[in-house]
1. Look through segment 150-164, keep the residues that are farther than 14 Å from Tyr254 by Cβ and not hydroxyl-bearing (Ser, Thr, Tyr), and return whichever of them is modelled with the lowest pLDDT.
2. Could you grab me the full set of residues in segment 206-252 that are of a type outside the set (Gly, Ala, Ser), at positive phi and at pLDDT 95 or above?
3. Quickly run through segment 179-206 and pick out the residues that are among the aliphatic types (A, V, I, L, M) and not in a loop (DSSP other than H, G, I, E, B).
4. List every residue pair whose Cβ atoms lie under 6 Å apart, where the two residues are 6 or more positions apart in sequence or sit on different chains, the first residue falls within segment 285-297 and is open to solvent by 50 Å² or more (accessible area, probe 1.4 Å), and the second residue, located anywhere, is in a strand (DSSP E or B).
5. With segment 217-294 as the region, which strands (runs of 3 or more DSSP E) entirely inside it contain at least 3 residues that are farther than 30 Å from Ala374 by Cβ?
6. Among the residues of segment 365-379, is there at least one that is touching a residue at least 40 places away in the same chain (Cβ under 8 Å) and within 17 Å of the chain's Cα centre (by Cα)?
7. From the list Leu142, Leu224, exactly one residue is buried (at least 21 other Cβ atoms within 10 Å of the Cβ) and closer than 30 Å to Ile112 by Cβ. Which is it?
8. Could you check Thr166 against (1) in contact with a Lys or Arg (Cβ under 7 Å, 6 or more places away or on another chain); (2) of a type in the set (S, T, N, Q); (3) surrounded by fewer than 19 Cβ atoms within 10 Å (Cβ to Cβ) and say which number it fails?
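The values are calculated or read from the model by the stated rules, or taken from the named source; none is laboratory data. Keep in mind that what you see is a predicted model, and the values were worked out from it rather than measured. Positions of Cβ are backbone-derived with ideal geometry, glycine not excepted, and every protein chain shown enters the neighbour counts. In case anyone asks, the SASA skips ligands and DNA or RNA and just uses the protein heavy atoms, side chains included. Shrake-Rupley method; radii C 1.70, N 1.55, O 1.52, S 1.80 Å.
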Amino acid sequence: MLTLCNSNPLSLLQTTFPSKNTITTPNNKFYTLKMAADFDRATELKQFDQTKAGVKGLLDAGINQIPRIFIHPPETLSDLKPTSKSPSSSPPVLVPTIDLAALHSPDNRSSIVDHIRDAASTFGFFQIINHGVPQKVLDDILDSIRAFHELPAEAKSSYYRRDVETGVSYLSNIDLFKAKAASWRDTLQIGLGPMAAASENIPAICRKAVAEWAKETERLGYLLEELLCEGLGLRSERLKEATYGEGRMMVGHYYPYCPQPDLTVGIKSHTDPGVLTVLLQDHIGGLQIRHGGGWVDVEPVPGALVINIGDLLQIASNDVYKSVEHRVLANGKPEARVSVAVFYNPRIRDNLYGPFPELISQDTPAVYQQFTYADYITRFFNKELDGKSLPNHYRV
């Protein structure tokens, strides 16, 4: 058993594996995954968390093998490559990219709405270009999030916490103590609304960039909600009136180099619980969505933002729009991957949520029961990140 030590992340690493339960990864490398009898997972999780240094701290300490708490089970590791089932002679499956440049022309708006409805109801994901967010805002937020994560551990440790009482928290793995295995990433979370984090609580190195990013993504979020409402045949303001975009949380993910990317993931397969997610990813890649019975890469497009439907919008649309499982592979490249997402959620926790009544008829009955957002989000935080268990809980 390891001695609890905040100053030495290498104390978390056991490099000797027993000879049982050998599996083959997609790269035909053999690993043994049955842990030694003295493996105390709870203790090692606590040790890792108390370093307050995240996975970046492990790398800085010089590891060349990942600690056992990060090794995922065989059913996860055997499925780590894109597996879209299109014939080999067919072009690769691509997540739709939608150009918003001509949005303010009535004729073009109708066409754009149709494209968004189609993407939201088939892929659950799409990318947008000419979205109005200045390139400098995109560059600054990525650069500042990278700069924060690459600060010395002692400069970040005061932000490390598992609550968001200050509106800001830096941590590794939101579900660290619930998941079957930890994932290879660190995260900076910042509340953007309705009660935004106080400026002085935001790390100085990214404070200005976060303010600009928050302003632009608030505007963009309401625009996307309008277009998605129109795609359902609803009034443009329907989601906004229900406060569906007022709760906003930003996360800045950092995926450093992983010495054994065949043994872990960046983020496990999951769906987002909220209404909508706007994601900015850098050029490294690694995001995949489940589609057509397999996994499809979401290739980085310069200047684009990735949009995905959350579980609440799938429910509100009565299954017209699809919230799709997605994941991020562990980063085997020398350069760290950085992404910044904004999650849009309802503001009023005690209201009842479910399919919009306007979408329900004798021919299309409701497929979900009503629930309070307080009950819904409590269920989310009491489980590990995993597939679609949350919407399925409320299915009629």
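1. Of everything passing the filter in segment 150-164, Val164 is modelled with the lowest pLDDT.
2. Of all residues in segment 206-252, those of a type outside the set (Gly, Ala, Ser) come to 206-208, 210, 212-213, 215-220, 222-230, 232, 234-235, 237-241, 243-244, 246, 248-251.
Narrowing further to those that are at positive phi: 243.
Scanning segment 206-252 gives no hits.
3. Listed by number, the residues that qualify are Leu188, Ile190, Leu192, Ala204, Ile205.
4. As it stands, the answer is Asp297/Gln288, since those pairs meet every condition given.
5. Fully inside segment 217-294 and qualifying: 287-291.
6. Looking through segment 365-379, at least one residue is touching a residue at least 40 places away in the same chain (Cβ under 8 Å) and within 17 Å of the chain's Cα centre (by Cα).
7. Selected residue: Leu224, the only one of Leu142, Leu224 that is buried (at least 21 other Cβ atoms within 10 Å of the Cβ) and closer than 30 Å to Ile112 by Cβ.
8. (1)
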